[in-house]
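The values are calculated or read from the model by the stated rules, or taken from the named source; none is laboratory data. Predicted model, so just to flag it, every value in this text is computed and none were measured. Note: ideal-geometry Cβ built from the backbone for every residue, glycine included; neighbour counts use all protein chains shown. To get the accessible areas, we keep the full protein, side chains included, count just its heavy atoms, and leave off ligands, DNA and RNA. Shrake-Rupley method; radii C 1.70, N 1.55, O 1.52, S 1.80 Å.
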Amino acid sequence: MRKRIAILGSTGSIGTQALEVISENSDYFEVEVLTANKNADLLISQAKKYLPNTVIIADESKYKKVSSELSKFPIKIFAGTKSIEQIVESSEIDIVLTAIVGYAGLISTINAIKAQKTIALANKETLVVAGELISKLTLKHKANIIPVDSEHSAIFQCLVGETHNKIDKLILTASGGPFREKNTNFLKNVTIEQALNHPNWSMGNKITIDSATLMNKGLELIEAKWLFDVPTEKIEIVIHPQSIIHSLVQFEDGSLKAQLGLPDMKIPIQYALSFPNRIKNKFKKFSFNDFNTLTFEKPNKTKFKCLNIAIESIKKAGNTPCVMNAANEVAVSAFLNKKIKFLQIPEIIEQTILKTDYIKKPDLTDYINSNKKATEIAQLLIK
Ligand code: NAD
Ligand code: MG
């Protein structure tokens, strides 16, 4: 039986790479659902190629275009955010790949968990915003979450067969981004193009800026805490500029396990879809002939303030990571629209956290309201 996949965010970096993985492995997988935000053209061409059961465009103004172009195909077409949030409950879906960027992925992920789907999770912001709630729901509904993020896929792979053994430490590796070797003075005036020029990975704009500020590693520390139920003090971050060791687990006996490979997201995407099996593929493989030196250094939390802000936010817990995430989304978007400078990103986030009410034990409504409030405050600060 082929696994039926719903790709939420099929037009993005993860979404398009997932479709490549599925194309290469059509004996194992078939596309059931494709969704996009605004990119109707790409969604239409993907639908014609993969013939899913359903396509959804979040932007309702694009519905006419999508439905008229696909009218000759046996495909159901819907529009709007609510449709994406509901489709994940369909009995025709085996795996939901959450490849929407940002807070926008929260409710569809929650609904997929409640519908007991296997979730291939790329949308890390969901765990940053509401990690405690997501963990509780995952246990309650016995859903499976398989990480797609390369570091978390690495840790997940290291933990296969180790369920009875205690984790002593998780070590998340980070490339360090494009500004690893630059000083704070240089960071003052970096351009969008410089910030989008990631040394090792080609990704969507938001995560690429998060990688340049190191916020991405902070988000990933929070993601790891909830995925693997490990306290933050036991998660270490190490800069590894070659991005070959994707992360490590240290056990109580001092043994370290690591997962290595070339920086290619198709590998963790494929693993999340094929788990517990591995599938042979044609992707380029790592060779020591190409990399004879792997290096490691400590992250600079003074230069990259966002990393510290994220770590402090998960220590404060409650709704703070949710507020931080909302402010970061606003600030990154403002930087990409040339409204603020690179070093103003952490300033906006810090100010937003200070100005938002703290909620110690938030429920879903509190997360929704905190996200809304923090978004408004961050937008006002930018104005
Ligand atoms: P992207 O911007 O390239 O793609 C985002 C996708 O989500 C697009 O299909 C877009 O149409 C859709 N989308 C955006 N806003 C939406 C909304 N409001 N409603 C519905 N759909 C919406 O992003 P990406 O780089 O593919 O990243 C996706 C997620 O995966 C992020 O959470 C990111 O942190 C995570 N991730 C990405 C990579 C990578 O290599 N790109 C690696 C690890 C984790
Ligand atoms: Mg990652």
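Here are some pairs, Lys72/Lys338; Lys341/Lys372; Lys188/Lys361; Lys62/Lys206; which of them have Cα atoms lying more than 31 Å apart in this structure?
Long pairs (Cα-Cα over 31 Å): Lys72/Lys338; Lys188/Lys361.
Please report the spacing between the Cα centers of segment 109-184 and segment 1-80 in Å, no decimals.
The two parts, judged by their Cα centres, are 25 Å apart.
Give the peptides 48-55, 95-102, 203-210 in descending order of average Cβ contacts within 10 Å, highest first.
The densest-packed peptide leads the list: 95-102, 203-210, 48-55.
Using Stokes-Einstein with the Kirkwood hydrodynamic radius over Cα pairs, what translational diffusion coefficient do you get for the chain at 10 °C and a viscosity of 1.306 mPa s, in µm²/s rounded to a whole number?
The diffusion coefficient I find is 75 µm²/s.
Collect residues whose amide H, placed 1.01 Å from N in the peptide plane, falls under 5 Å from the amide H of Lys3; neighbours closer than 5 in sequence don't count.
Phe29, Glu30
Where does the charge balance sit around Leu336 when Lys and Arg score +1, Asp and Glu -1, over other residues with C-beta under 14 Å from its C-beta?
So the environment of Leu336 carries a net charge of +1.
Tell me the per residue accessible area of the chain using a 1.4 Å probe; a whole number in Å² is fine.
47 Å²
For segment 66-170, run through the GluC sites (Glu not before Pro) and keep only the ones in DSSP coil with at most 16 other Cβ atoms within 10 Å of their Cβ.
Glu89, Glu92, Glu162
At His164 and Gln86, where each label point lies 7 Å from the Cα along Cα→Cβ, what is the point-to-point distance in nanometres?
It works out to 4.8 nm between the two label points.
Could you please state how large a percent of the accessible area of segment 3-147 is carbon and sulfur, counting protein chains only and using a 1.4 Å probe?
Carbon plus sulfur share of accessible area: 50 percent.
Per residue of segment 305-314, in order, report the coupling 6.51 cos²θ - 1.76 cosθ + 1.60 (Karplus, θ = phi - 60°) as ³J(HN,Hα) in whole Hz, putting x for Gly and Pro.
Each residue of segment 305-314 in turn: 4, 4, 4, 5, 4, 5, 5, 5, 5, 6 Hz.
What value, in deg cm²/dmol to 500, does the helix sum -39500 (n - 2.57) over DSSP H runs of n ≥ 4 give at 222 nm once divided by the residues of the chain?
For the chain, the value works out to -13500 deg cm²/dmol.
Among the listed pairs Lys217/Lys298; Lys225/Lys301; Lys3/Lys166; Lys82/Lys355, which have their C-alpha atoms separated by more than 21 angstrom in this model?
Lys3/Lys166; Lys82/Lys355
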